[in-house]
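Input: a single structure, listed below in structure tokens.
The values are calculated or read from the model by the stated rules, or taken from the named source; none is laboratory data. Computed from a predicted model, the values in this text were never measured in an experiment. Cβ: placed from backbone, ideal geometry, glycine included. Neighbour counts: every protein chain shown.
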Amino acid sequence: MANIKNEIQKRILVLDGAMGTMLQRYKFSEEDFRGERFKDYPTSLKGNNDLLTLTQPEAIAEIHRQYFEAGADIVETNTFSGTTIAMADYDMEDLVYELNFESARIARKVADEFTKSNPEKPRFVAGSIGPTNKTASLSPDVNRPEFRAITFDELRIAYKQQVEALIDGGVDVLLVETIFDTLNAKACLFAIEEVKEERDMDIPIMVSGTITDASGRTLSGQTVEAFLASISHIPLLSVGFNCALGAEQLQPYLQRLSNETEFYTSAHPNAGLPNAFGEYDQTAKQMQALIEDYLKDGLINIIGGCCGTNPEHIKAIAEVAENYKPRQLKIKI
């Protein structure tokens, strides 16, 4: 069976684009989100994209298929909000294991189809682990700076359940992504290490932070270098950035990251910055040109797209990535 650690040494790997952007195209109604199984559920479910794994599995599989057809090597599971913490918004905490397991299983099935048809280009599944909607480092109440809405231990327990389900469903790698609070990410990494130890197994880990604005810091206030120092005690496959910024705005921070880290690097930026309506206007060709600058500078091992990107963007990125060699790892002295 193909190993992502081997493949990443051979070429730049292409990650998929946005799941949410693609799901919006379906214009699913409240009834579509509910399906037959949840038609009488007491809370509103529209917007719970993770639930579509159970109620619209064909759509999820089709999105994975479109990204693989566009040239992606890795697709992410539809599990960005797949923790009890995030699912509490919909009173669906009890479904967390099933949501993650089924999402991983759907992506695994599609990936295996593509690998079978072209064994020279094996396809992989990344278990998407989002940041949750709570933060362990900051108070949500400006009048009570000492208050925290969640504890490290609560996060660890929630992440552990998600991680176990993703592994059981067959993911190749775990992607801890869109990190705005590094303490949340550390709870997740701790949970992953617990699962690895308990199961006596190893699974590659990708970590992807979010630089929130031109200050060059995460929401919890860390610079690129501080973020890297906070998570480098874990043996990672890759470290990188995604979301919040477009490819152009992200480049200087990727440059700093690439200079400092001994891990492989990843980036999946947005399709530019959102317009006044919160939509993304950057075309596939425009994004391709900006991504090519990363490749010319040898900054990248894994490249993909975040908000606003679709299979056209990924196809353009995959086409240009083929022409460049992956970033070489720094040798420890």
Glu69 vs. criteria surrounded by fewer than 19 Cβ atoms within 10 Å (Cβ to Cβ), among the charged types (D, E, K, R) and either in contact with a His (Cβ under 8 Å, 6 or more places away or on another chain) or free of Cβ contacts under 8 Å to residues at least 40 places away in the same chain (or both): no
Count of residues meeting criterion [outside any loop (DSSP other than H, G, I, E, B) and loosely packed, with under 15 Cβ neighbours inside 10 Å] in the range 25-57: 4
Hits in the range 1-47 (condition: among the small types (Gly, Ala, Ser), closer than 18 Å to Ile106 by Cβ and touching a residue at least 60 places away in the same chain (Cβ under 8 Å)): Gly17, Ala18, Gly20
Of residues in the range 263-277 being at pLDDT below 95 and more than 16 Å from Asn310 (Cα to Cα), the one surrounded by the fewest Cβ atoms within 10 Å (Cβ to Cβ): Ala276
Only listed residue being modelled with pLDDT under 95 and surrounded by fewer than 23 Cβ atoms within 10 Å (Cβ to Cβ), chosen from Asn118, Asn133: Asn133
Qualifying residue in the range 134-156 (condition: in contact (Cβ under 8 Å) with a residue 60 or more places away in the chain and touching a strand residue (DSSP E or B) at 6+ places or on another chain (Cβ under 9 Å)): no
Criterion violated by Asp89 - all others in (1) within 23 Å of Ile12 (Cα to Cα); (2) in a helix (DSSP H, G or I); (3) of a type in the set (D, E, K, R) satisfied: (1)
Tabulated pairs, the range 113-133, first in contact (Cβ under 8 Å) with a residue 40 or more places away in the chain, second of a type in the set (A, V, I, L, M, F, W, C) and assigned to a strand (DSSP E or B), C-beta under 6 angstrom, 6+ apart or interchain: Phe124/Ile74; Ala126/Ile74; Ala126/Val173; Ala126/Leu175; Gly127/Leu174; Ser128/Leu175; Ile129/Val176; Pro131/Ile179
